[in-house]
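Q: Got a structure here, written out as structure tokens. Questions coming.
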Amino acid sequence: LLLIFANALWGINLFTVKFGVREIPPVTFACLRVTLMSLVFLPWLRWFPGQMAILSRVALGTGAAGFGLLSLGLSISKDVTAVAVFTQLIVPFSVLLSVWMLGEVIHWRRSVGIALAFLGVIVIGFDPRAFSYLPGLMCVVLQAFGAAIGMIYAKRLKGVGPFQLLAWISVITCPVLLVLSLLLEQGQIEAVRAASIQAWGAVFFAVIASSLLGQGLFFYLLKHYPVSSVAPLTVLQTVFGMLSGVLFNHDQLTSRMLLGGLITIAGVLIIELRTQRMFSDSVET
């Protein structure tokens, strides 16, 4: 139940971000998000000698590219449902990057999962409705790729807790997004001043519900239950994201979007299950 609740928070967060960037420029929205995150996670901020360069790369991939491009993609895209599916590309991207950067070997089952994940995205991409906001979906693809790079570098960290990692991601990312907002956007100060309570609620939801509560519950469950039981169920965030898009954003869920979403979820689930099986086998060995 806790895991379902965490996935629901992550899925609903896509809609709340979509709602927020209607009033606040997307990069500015992401900057506000990480600024508040840096305040929330400040008690966990610790200096890690010899690992700060890696932490910076994690922050740039997960924070600057991840949060910034996700907000930008949601601001351009009409539907939350398609974005929810495209965010799952972080899983096949991370596997492919692990082969290139870490020398891992993938066998036919995970290869099939990767192929299915990308096939589902292609099916959605050729849907006439989704094709009309393809640049927004491409931002989400880049977001998933950047977040995957951040995940690969995060594997190299030693002794860094999840909240300590989130603290450094927010602190390092904040000035980067601030500079990008000043260079790429206009009228952001006026937009922030005129933002409604609902728009600010979207910012606080991203920080408190998605990052603090959602991530906190997820890592709590990882400590108390097998990874093989917890990680595969994170595909539920896509389901909740699609539901929130249909229910709250009034998305038009076409048959091609639904088919592509199911194919991508199936591919990601295969990757997750096989990866956790390999992890369990290596631990037993």
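The values are calculated or read from the model by the stated rules, or taken from the named source; none is laboratory data. If you're wondering where the values come from, they're calculated on a predicted model, not measured in any experiment. Note that we place each Cβ from the backbone using ideal geometry, even for glycine, and neighbour counts take in every protein chain shown. Ligands, DNA and RNA are stripped out before the accessible areas are found, and what is left, the full protein with its side chains, is counted by its heavy atoms. Shrake-Rupley method; radii C 1.70, N 1.55, O 1.52, S 1.80 Å.
Q: So, of the residues in region 99-114 that are surrounded by fewer than 17 Cβ atoms within 10 Å (Cβ to Cβ) and among the charged types (D, E, K, R), which turns out to be modelled with the highest pLDDT?
A: Arg109
Q: Of these, Arg46, Arg57, Arg22, which one is touching a residue at least 40 places away in the same chain (Cβ under 8 Å), assigned to a helix (DSSP H, G or I) and among the charged types (D, E, K, R)?
A: Arg57
Quick grid of which residues meet (1) at pLDDT 90 or above; (2) under 20 Å from Thr234 (Cβ atoms); (3) not polar (S, T, N, Q):
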| site | (1), (2), (3) |
| --- | --- |
| Ala64 | no, no, yes |
| Val83 | yes, yes, yes |
| Gln88 | no, yes, no |
| Arg129 | no, no, yes |
| Met138 | yes, no, yes |
| Gln143 | yes, yes, no |
| Arg156 | no, no, yes |
| Gly159 | no, no, yes |
| Val176 | yes, no, yes |
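Q: OK, next. Within region 115-126, which residues are modelled with pLDDT under 85 and more than 21 Å from Leu69 (Cβ to Cβ)?
A: Phe126
Q: A follow-up question, please. Determine if region 175-197 includes at least one residue that is under 20 Å from Val91 (Cα atoms) and under 21 Å from the mean Cα position of the chain (by Cα).
A: no
Q: Next question, about the same structure. Report those helices (runs of 4 or more DSSP H) wholly inside region 71-150 carrying at least 2 residues which are of a type in the set (Gly, Ala, Ser).
A: The qualifying helices (runs of 4 or more DSSP H) are 80-86, 90-102, 108-125.
Q: Pull up region 242-274, narrow it to residues that are farther than 25 Å from Arg109 by Cβ and open to solvent by less than 60 Å² (accessible area, probe 1.4 Å), then point me to the one that is modelled with the lowest pLDDT.
A: Only one residue tops the list, namely Thr254.
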